Each structure stands twice: as C-alpha cells, then as structure tokens.
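Contents: one structure, followed by commentary.
The values are calculated or read from the model by the stated rules, or taken from the named source; none is laboratory data. Everything quoted here is computed from the prediction, not taken from an experiment. Every residue, glycine as well, gets a Cβ built from its backbone with ideal geometry; the counts of neighbours run over all protein chains shown. We work out accessible area using only protein heavy atoms, side chains counted, and drop any ligands, DNA or RNA first. Shrake-Rupley method; radii C 1.70, N 1.55, O 1.52, S 1.80 Å.
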Amino acid sequence: MRLRVQPGSSVRGTAWVPGDKSIAHRWLILGVMGRGVSRLAGVPRSLDVRSTAACLAQLAPKARPALDLWARKGSSTVEDGGSTWNVGTTEGPDDVVEVEGEEPRAFVEPAAALECGNSGTTMRLLSGVLAAVPIRAVLVGDASLSSRPMDRVAEPLRRMGAAISTSDGRPPLTIEGGTLHGIRHVVATPSAQVKGAVLLAGSGADGETTVVEPVRTRDHTERLLAALGFPVAIRGNEVTVGAGEHTAFEGRVPGDPSSAAFLVAAAALTGSDLTIEGVGLNPTRLHFLEVLGRMGVRVEVSVDRHEVGEPVGSLRVAAGPPTAPVVVSADELPLVIDEVPILALLATRAGGPSRFEGAGELRVKESDRLAALADGIVGLGGTVDVQGSDLQVGGDGLRGGSADGRGDHRIAMALAVGALGADGPSEIADIGSAAVSFPSFPETLARLGADVEVLP
Ligand code: S3P
C-alpha cells in the first residue's frame, strides 16, 4: 500500500491513538502469569501485540481461547513480504480481553516455534519470562527481527542460570529455562527491552536482581511489577526486583505516546490545534516533548488519571511549526529512541541544520533507521547527512517526492507526516507497515483533515 500526501491541509480536532504497545506486551504477559482473570481494556490489535498474544496462547492453555478470540476480532489480514499486515482495523472503546492466568511458571512446552513476527519486544521480554520456566521453547521472527542482536538478552539470562542458544547472536533463540538466581546486570547499551527481560526473569529468580542503566529507559516493567506487589526498589538508574507471585488485575492500556508523536508533529507542521486524549504520560516516554520545546513546538500535558501505576491524560499542541534547529546529544538519544524518525522529519522545517548524535542503535531497529531516514528525506527533496552514528538534517524544508517506509512502521509514518509539511505532493510506499503499531494511522490523519489517500 502507498499513501499519496498532498500538503496544505490542516490536522486539527480531537484524536485518540491505539493503546501503548510497550505497556500492552507487559500487561498481557503478567496477566497470563497471575492467578485469576485479568480484565485488560484497550489492548491494541497492532501486529506486535498480536505476536505477544499468539506466543502466550501457545504457552498458556487457560488464556488461549480468550487470546485467540481477541486476535481474530474485527480484522482482515494480507500477506506482505513475509509479515502479516493487518489492514482496516480500528480500536474500539469496548476492546477488552479477559485472560485467565496460569499458576506462575506453569506454562506448557509449546508444540511449535513461538512466532514473534516483527516484534523485538515480544522476543526479548518472553526470553526473560521463559528463562525461569522449566520448558524448552524456540523463538523465531520475520526477516527483520531475525537480523537483530539477541546476545544482549541471552548473556545476562545465561548468567542467571538459563540455557540459551542463538544463531550467531541472532534469532532463532532456543531457551531451556529453570531455576534462576538473581544477578547484578550493568547494561552497556540502554534498552528497556533488555532491562524488562532481566527484571521479568528476576521476578521468578532466587535472591535479588538488579539492572543498572547508563540512562533511565522507559520504566513500564518496574512500574507494573511494583503495582502488582513485587518487591521493587529504584535508586537513580538502578532497579532491583525480588521474586514474588501476583494475582489478576484490571486496567485500560493508555494510548501510545510514541504514536501520538506522529499526530503532534502533523499538527505542529500544519500549524493546527490538536488534542490527543487518553495518552500514556509516563515521564520516561515524554522526552520528545522536551526536544519539541527546543524546536519551538509547545505541547501542553495534562494528567487526569492512573492505570495500573501509569499516568494517563491529554496532549494538546499549543504552538508550531518548528522555528529552531536542535542538537539531540548522545546522552539523551535513548530517551527519544522511537521518536528520532519523526523528530528528524520535523527538523527538515526547523530553518537550520539539526543533529542527532550517537544514534547507532537506530541501525538495529525494525530497519536500519539511519539509512532509511537518510534515503527517505532525500526522496522527499530534503537534505541529510549521516556520519558514523550521527544524523544531520538540513532545515530548509522538503520539496515533496517519493519515499519508502521499508517495512518499518515508524519510518513510514514519519515520512508521511513530514510530507504534509512539504512544498509539493508526495507518495510514501509501504504505508501498510504502520499496522505494526498504529493500524488506523492513514484513516486517523484523514479524519483530522489531512489530504491523504491510500493507494493499492
Ligand atoms: C521497547 C523498548 C525500546 C523501543 C521499542 C519498545 C520496550 O527498544 O525502541 O519500541 O517496550 O521495551 P530498546 O529496548 O531496544 O531500546
């Protein structure tokens, strides 16, 4: 699927975004591992979360009927390039999944390999869970996931006592779990997936498990474990968890701030007034607002409730378009790891060169995001330069043109939004990949007033 984008329209009004996939993965996992029936509302049917649900269904027979039913509801699928893209799905307000948990660690050995699709979070978090379960499981992924580094999770989990083999540091992963002991793990490359995997393993290990990060990444795992009654202690960039057992819980998954970032940017670029409601406002996810502020894009944040320890509320775009270029330093880059693509596209309109320093991790995301951004921005008629792991983006605007999402949801959506602020029309190939995190992205943009059209 392609998206034809005509500039000159305005994106305004009130919007909602699908549930946060980082949170949804973790709630589903802990829901399936707690005694009783957990009632989870707003679980997004994005493909990554479906991957987690499908893997859990293979491991947890009691939860299987509910997960299968949830995954089937209201969707149609088409095959594209080895991944199954889900088209035409909308998130409804009554989107509730009720999962019955197994006794902790009582998963059954899966009959087939666990298919993690495009989702690094599924593979890494489940590795942590399975490390403490006495079964053998094989985790596989699509072509993109199969090329991503897994030693960063395998190494600490092995030190805790699990037997894990990889294919030269990449998937498939074969895990034989068992009795684990706590460790202190000092993370070299900041990663919430690695921290999450080690903490989930630690929640079923003897003794305490501590993860030390160079900068504090998104803290959904520790928030959830604490909310469910596990012993969790946080000191600066150090998190310690002890073993525990938990019971079922209820909540509505907050909207995904990383998806909201695309709509915020669309409103800022088109100079419009937009409010996004029901968004997760966890501070470890909002550093992009700080960067936007430095670009002259002001966003008002208002927390109105909490869901299982996660703050939720609204974002209102109060001023745009970008008026100043930015430098995002290597220290802060991990805090905007998922928002670099959209920040880079906004930077094309910042009036001077912007720089994203130490962005090497972007090369091992769903695509080589540095290369994909460089090609995409050039394709849309902008200027860009990649030197080592630094990305420099020219701020004199985009002429319009054509670019390719390269099977990467965040690249496809960032290019589409960037094209809204171009001088002429554009076409973005592979917009279908948005379904990985935001299946209704093109429809949402159109409903808010953008002149966009999906083409086959
Ligand atoms: C995620 C962590 C981040 C992020 C990904 C989701 C998570 O990955 O890019 O989209 O839910 O833990 P890394 O841990 O590899 O930085």
(message) Take the residues in the stretch 184-200 that are more than 7 Å from the ligand (Cβ to nearest atom) and among the aliphatic types (A, V, I, L, M); name whichever of them is surrounded by the most Cβ atoms within 10 Å (Cβ to Cβ).
(response) VAL198
(request) Collect the residues in the stretch 152-164 that are within 16 Å of the ligand (Cβ to nearest atom) and touching a residue at least 12 places away in the same chain (Cβ under 8 Å), keeping them in residue-number order. (result) ARG152, VAL153, ALA154, PRO156, LEU157
(message) Tell me yes or no: at least one residue of the stretch 255-274 is among the polar types (S, T, N, Q), within 16 Å of the ligand (Cβ to nearest atom) and crowded, with 21+ Cβ neighbours inside 10 Å.
(response) yes
(request) Exactly one condition in (1) more than 16 Å from the ligand (Cβ to nearest atom); (2) more than 19 Å from MET150 (Cβ to Cβ) is not met by VAL215; state its number. (result) (1)
(request) Among the residues of the stretch 201-229, write down those that are open to solvent by less than 30 Å² (accessible area, probe 1.4 Å), out of contact with any Lys or Arg (no Cβ under 7 Å at 6 or more places or on another chain) and not hydrophobic (A, V, I, L, M, F, W, C). (result) GLY202, SER203, THR209, ASP219, GLU222
(request) Scan ARG124, ARG148, ARG136 and give me the residue that is open to solvent by 40 Å² or more (accessible area, probe 1.4 Å) and on the phi < 0 side of the Ramachandran plot. (result) ARG136
(request) Count, please, the residues in the stretch 97-119 that happen to be assigned to a loop (DSSP other than H, G, I, E, B) and either within 20 Å of the chain's Cα centre (by Cα) or under 13 Å from ILE29 (Cβ atoms) (or both). (result) 9
(message) Being open to solvent by 10 Å² or more (accessible area, probe 1.4 Å), among the hydrophobic types (A, V, I, L, M, F, W, C) and closer than 19 Å to GLU115 by Cα is the filter here; which residues of the stretch 21-55 pass it?
(response) LEU47, ALA54
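Yes/no per residue for (1) over 23 Å from the mean Cα position of the chain (by Cα); (2) open to solvent by 20 Å² or more (accessible area, probe 1.4 Å):
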| position | (1), (2) |
| --- | --- |
| ILE377 | no, no |
| ASP390 | no, yes |
| GLY394 | yes, no |
| ALA414 | no, no |
| ALA435 | no, no |
| PHE441 | no, no |
(request) Among the residues of the stretch 301-310, write down those that are in a strand (DSSP E or B) and open to solvent by 10 Å² or more (accessible area, probe 1.4 Å). (result) VAL301, SER302, VAL303, ASP304, ARG305, HIS306, GLU307
(request) Could you please find all residues in the stretch 113-163 being within 19 Å of LYS21 (Cα to Cα) and of a type in the set (Gly, Ala, Ser)? (result) GLY117, SER119, GLY120, SER127, GLY128, GLY141, SER144
(message) Of all residues being within 24 Å of LEU224 (Cβ to Cβ) and in contact with a Leu (Cβ under 8 Å, 6 or more places away or on another chain) in the stretch 165-179, which is nearest to the ligand (Cβ to nearest atom)? Just the residue, please.
(response) LEU173
(request) Within the stretch 325-349, work out how many residues are open to solvent by less than 40 Å² (accessible area, probe 1.4 Å), assigned to a loop (DSSP other than H, G, I, E, B), within 15 Å of the ligand (Cβ to nearest atom) and of a type in the set (A, V, I, L, M, F, W, C). (result) 1
(message) Quick test for you: out of LEU139, LEU145, LEU199, LEU228, pick the one residue that is under 20 Å from the mean Cα position of the chain (by Cα) and closer than 30 Å to PRO311 by Cβ.
(response) LEU199
(request) Would you mind finding the one in GLY382, GLY358 that is part of a loop (DSSP other than H, G, I, E, B) and under 26 Å from GLN193 (Cα atoms)? (result) GLY358
(message) Of everything in the stretch 210-245, what is modelled with pLDDT under 95 and under 16 Å from LEU30 (Cβ atoms)? Give them in sequence order.
(response) GLY244, GLU245
